[in-house]
Amino acid sequence: MVFLECLVWTAPARAQDDEGDRFLDGIGETALVARYVLNGNVEDSSRHNRHATLRGKTAAYVDDGQFGSVLSLPAGGGGYVEMPGQVLNGVDTVSVTGWVFVRSAEPRQRFFDFGRNTTANFFCTPIGSDAGKGYSARITSNGRAKEQGPLAPRIKTNRWVHLAVVLDAAKQTLSTYADGVRVGHATNVTLNLEKVLDRGNAAANHLYIGKSQGKTDSTINAKIHDFRIYSIALTDRQVAVIKKNALSGKDVVESGDKSQGESTPAKATVIASMPVVLGLVKVPDVAVETVVGHLPRLPYTIAGVYRDGVKGPKVRVIWPSPKDNSQVLQAGTYTVTGTLPGTDFLPKATVTVKAAPGAESAPRRTSVAFPLGQVLLNPDEKQRATALIKNRDKFILTLAKTDPDRFLYNFRDAFGQKQPEGVQPLGGWDSQTTRLRGHASGHYLSAIAQSYASTTYDAELRANFLQKMNYLIETLYDLSQKSGKPVQQGGKFNADPTAVPPGPDKTGFDSDLSKDGIRTDCWNWGKGFISAYPPDQFIMLEHGATYGGKNNQIWAPYYTLHKILAGLLDCYEVGGNKKALEIAQGMGLWVYQRLNLVPTATRIKMWNRYIAGEYGGMNEVMARLFRITEDPRFLKCAILFDNIDFFFGNAQRDHGLARNVDTIRGKHANQHIPQITGALETYQGTKDAQYYRVADNFWNICTHAYMYNIGGVAGAKNPNNAECFTGEPDTLFANGFARGGQNETCATYNLLKLSRQLFMFDPNGKYMDYYEQALYNHIVASVAEDNAGNTYHVPLNPGARKGFGNANMGGFTCCNGTALESSTKLQDSIYFKGVDDKALYVNLYVPSTVTWPERNVTVKQQTSFPYSDTTRLTVAGEGAFDIKVRVPRWATRGFFVKINGVEQTVDAVPGTYLNLGQTWKNHDTIELRMPLCFRLAPVMDRPNIASIFYGPVLLAAEESDPRTEWRSVTLNAADLGKSITGDPSTLRFKIGDVTLKPFHETYGRHSVYLDVTLE
Ligand SMILES: [Zn+2]
């Protein structure tokens, strides 16, 4: 058997135009932890806004012939920079770079020193610790006895030198660079930041530039410029490029050079896949039909033929994925050839292209969710709180203690209003000068509305959330009423959203949100305007502004607005607050009036502009507004948000997702997924089948060709950005697993939302199979053990670890925002009902009670699933309605049904729903048993790299340290269970000395993908 050496690394993808600060020096911004340019302030110009503090009276900014304004820390002056203690939270591998102009050869001067004290720190001394020593970087634990790191000749003084220090935790190396050249390299560096920093208490960490942890050591005598921290191990070439670009004044992205990206994350031996070991002899050819213009849906898996009649698993086939629909423009027949990585099988598909039918079929919505308050989560059969209840309570109880005025701070600030006494602004991406401020407030509105609706089990909590919701809406309503209206009668104002002038004393529009720079002339902003900043960012986007931290740059104004509008609509639809709808309508019309004047070509450019044009689900909230109000302007506005290239291929609308062409390649995942839920909502309004196909095709491609086993996506090495889909489909191994991270948690939040909504149109088990997979293995797995902290990316590289943040809800990233929503509606998809109230869908096996007032029925589900393989449904009430239970796709060892204790003969097909019939009496019981078993889920382009599932639960191998290699295990191909021991009631297992446990119960290091040898 010939083993193909996998799919080759493909050429670097630059899928989106106008990239702004996406690739600083060719390195995806997701790897940049912090950047202090130090040209007049100590602000962090990365998107994290982890602003530092300048200490010492003599520290000053001076003019410099090389770099302009730079920070000067004079001799003996005690000047230094202190970064916030949490900057390195979650970081294992770290690179530090910066320019330094050391003025004296005094030893012990620290370029940087990160740690808790002098015996637990990571530091760099460009001159050396003693007169005779040289340039060194060190990591220490328990004092000098365990000091590790390389030594190089001391750097030259009285000139600028570019320094870089790279600590690769997985490879256990520590390297130093001077002027772009590696000068020191130590191996067997067993210490890492985990041993140096206090992960639980950020205040215990001292992160200094120019100062040592030693209280008596003198500070550096130097000038410093452009200090950066990365969360990846920079390569020799990347360090050289950073240095070179700074001197040439260019930001050169040298594409086409593999070393510019990352190397394959870890070595893996290509071995035979499970089908091959089980004796795969043939992969039958397939025949597929399509209609003119639409690429065919080729099957991702095919039933293989095995030696001696063995029943083996389906095989995963990789088909060519054309970038347009030129193959299917005429009726006829053609053949395509697929591959099975790791084998030389070449299955063929015969595609018949038929003439397009006259009218396209468009599905109708057949099921809907129950209101949140009608589904209660219960403890399991042993009265233990389930993972869902635990997460719900971490969030609900923390939310109950939040101060709504913090979430209103930036709104009041934008409108020039006084803050209530003692209120502090939020941090993170809602800090005062962050151009995304207000986004968390939008999520917060949704979370408060959902918490109010969900806490039907606790009157006190419910009252708390109702009060919060009403207070938030009253305040926002009052602010929105100030927009476009005179302050006093007869005063000046501009009510027209399309005629907003620049701010007072300004010649143009800018995104300056600083205390002295922000405009607060809300009377000029046009009627209905509401946001946590003035209208400028929206206007600048129309004028071509790119993403970035400068005053002529922007950060996704419509993204933030989507959160706010969705929050308002949730307060109206979920929370029942009518004023919230009024605010949303006002702002909706403001947006409509502006966009209606923007030419199509400009809109196409706007919505394709990286991050700047990220609009979340603006099309979704506009279509929702249409659904609620029936005002056609809102539906028209939803359509103005069509991402035409993405949906329809090009301005002529020739192909795209609507015709099953993969336009997902290399796109920013979370920028684009909400656009798809928006397309589906637009479909509901327009009944135009094109929008449905956009959503349906996207889901199909995304969850097969781009998905990791936890149900998440993105993490591309190519393009080099942890938040982008891989540059080509079906290449997760070749182009995914970026060191900078994968699986942005927001993206999965949005995929879950899309999946449940697609199910409402097409009750196909595949949507809820995905829902279950991603709910347990990503969303539930993304929350800290003892608090509401939660993840941004969830890295799946060997020995990786989850990083939890925002436990106290004081400083939000995007994912901290969606986490508020996810964990306050965990019950929302357990049951659906038919739109005609004639069917109950049991989608998920979770202990819970659903109340169905239209039927005067409640159904209680009692189970310990997934710690047991049975569940029992008890009906209270009576009537004639279908109960449709999901037969999970993983239930390959049978699905057994008892009704009132009597075993039923059923034809239960995994991946479908089973209708259990019609007439139900009070106290009727249904018992379902679905034996769980182990199964392997390989990466599509590297079949020996696979995860182990037990039923729906992804099992992670516990790790103690970062790793360079995938953890290898050997398993029995015919029956994995023969190689795995353990206790299904606790889901704790072992393969030899490797311990496996559910990923959703993993808080330390993990290996989710293993290098599997089958025998
Ligand atoms: Zn996010």
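The values are calculated or read from the model by the stated rules, or taken from the named source; none is laboratory data. Keep in mind that this is a model prediction, so the values were computed, not measured. Neighbour counts are summed over all protein chains in view; Cβ atoms, including those assigned to glycine, are modelled from backbone coordinates with ideal geometry. These area figures cover heavy atoms from the full protein model, side chains too; ligands, DNA and RNA do not enter into them. Shrake-Rupley method; radii C 1.70, N 1.55, O 1.52, S 1.80 Å.
The tail of the calculated P(r) for the range 285-386, taken as Cα-Cα distances beyond 15 Å, holds 75 percent of the pairs.
For the chain, the carbon plus sulfur part of the accessible surface works out to 48%, probe radius 1.4 Å. With contacts taken as Cα pairs under 8 Å at a separation of at least 6 residues, the range 42-119 carries a relative contact order of 23 percent. Note on Val310 and Asp688: the model spin-label points, each 7 Å out from Cα along the C-beta direction, lie 5.2 nm apart. Computed on the range 473-573, with alpha-carbon pairs under 8 angstrom and 6+ residues apart, the relative contact order is 27 percent.
Using 0.36 nm per residue and subtracting the Cα-Cα separation, the extra length available between Thr301 and Thr905 on full extension is 214.5 nm. Rounded to the nearest 500, the 222 nm mean residue ellipticity of the chain from helices alone is -7000 deg cm²/dmol, with -39,500 (n - 2.57) taken per DSSP H run of at least 4 residues. Take every pair of alpha-carbon atoms less than 8 Å apart whose residues are at least six positions apart; their mean separation over the length of the chain yields a relative contact order of 11 percent. Assuming charge only on the beta carbon of Lys and Arg (+1) and of Asp and Glu (-1), the dipole of the range 28-151 about its Cα centre is about 360 debye to the nearest 20. Restricting the range 823-883 to trypsin sites (Lys or Arg not before Pro) that sit in a DSSP loop and have at most 15 other Cβ atoms within 10 Å of their own Cβ leaves Lys838. Summing Lys and Arg as +1 and Asp and Glu as -1 over all other residues whose Cβ lies under 15 Å from the Cβ of Leu932 gives a net charge of +2. The lysines whose alpha-carbon is closer than 18 Å to the alpha-carbon of Lys667, local same-chain residues fewer than 8 away aside, are Lys323, Lys605, Lys717.
Taken over the alpha carbons of the range 68-139 as equal point scatterers, the Debye sum produces base-10 log I(q)/I(0) values at 0.14, 0.24 Å⁻¹ of -0.51, -1.36. A Cβ-based charge dipole, computed about the Cα centre of the chain with Lys and Arg at +1 and Asp and Glu at -1, lands at about 920 debye. Within the range 605-677, the ratio Rg/Rh, alpha carbon atoms throughout and Rh by Kirkwood, equals 0.99. Using a probe of 1.4 angstrom and keeping all protein chains present, the accessible surface of the range 161-215 works out to 34 square angstrom per residue.
In the range 833-891, a dipole from Cβ-located charges (positive for Lys and Arg, negative for Asp and Glu) runs towards its positive end, and of Thr874, Val846, Gln861 it is Val846 whose Cα lies farthest in that direction.
Pairwise alpha-carbon distances in the range 581-621 exceed 12 Å for 67% of all pairs. For the range 874-1015, the per residue solvent-accessible surface stands at 39 Å², with DNA, RNA and ligands left out and a 1.4 Å probe. Size descriptors for the range 794-857, from the alpha-carbon set: Rg then Dmax equal 17.9, 51 Å.
A straight chain from Ser218 to Arg893 at 0.36 nm per residue would run longer than the Cα-Cα distance by 236.0 nm. In plain terms, the chain from Asn41 to Arg108 could stretch by 21.5 nm, reckoned as 0.36 nm per residue minus the Cα-Cα distance. Computed over the alpha-carbon pairs of the range 876-1015, the distance histogram in 5 Å steps reads 2, 9, 16, 17, 14, 11, 9, 8, 6, 4, 2, 1 percent, short to long.
The residues of the range 266-363 expose on average 52 square angstrom of accessible surface per residue, using a 1.4 Å probe on protein heavy atoms.
For the range 911-1002, applying the loop criterion from DSSP together with a ceiling of 15 other beta carbons within 10 Å to the trypsin sites (Lys or Arg not before Pro) yields Lys921. When 1/r is averaged over all different Cα pairs and the result inverted, which Kirkwood radius in Å belongs to the chain? Every distinct Cα pair counted, the radius reaches 30.0 Å.
Other residues whose C-beta falls under 12 angstrom from the C-beta of Glu82 contribute a net charge of +2, scoring Lys and Arg +1 and Asp and Glu -1. Which of the helices in the chain meet the span-like rule: DSSP H, Cα axial reach of 30 Å or more, Kyte-Doolittle mean at least -0.5? For the chain, where a helix must reach 30 Å along its axis and average at least -0.5, the hits are 459-480.
Taking label points 7 Å from Cα along the Cα-to-Cβ direction, Gln327 and Leu597 give a separation of 4.7 nm. Each of the peptides 784-797, 208-221 was scored by the mean count of other Cβ atoms within 10 Å over its residues; in descending order, highest first, they stand as 784-797, 208-221.
Can you give me the distance in nm between label points at Ser69 and Lys156, each placed 7 Å from the Cα along the Cα-to-Cβ direction? About 2.9 nm, to one decimal.
When the listed pairs Lys390/Lys997; Lys394/Lys563; Lys550/Lys802; Lys314/Lys766 are checked against a 20 Å cut-off, the alpha-carbon distance exceeds it for Lys394/Lys563; Lys550/Lys802.
When the gyration tensor of the range 803-947 is built from Cα positions, what are the square roots of 5 times its three eigenvalues, in whole Å, from largest to smallest? Working through the eigenvalues yields semi-axes of 31, 24, 13 Å.
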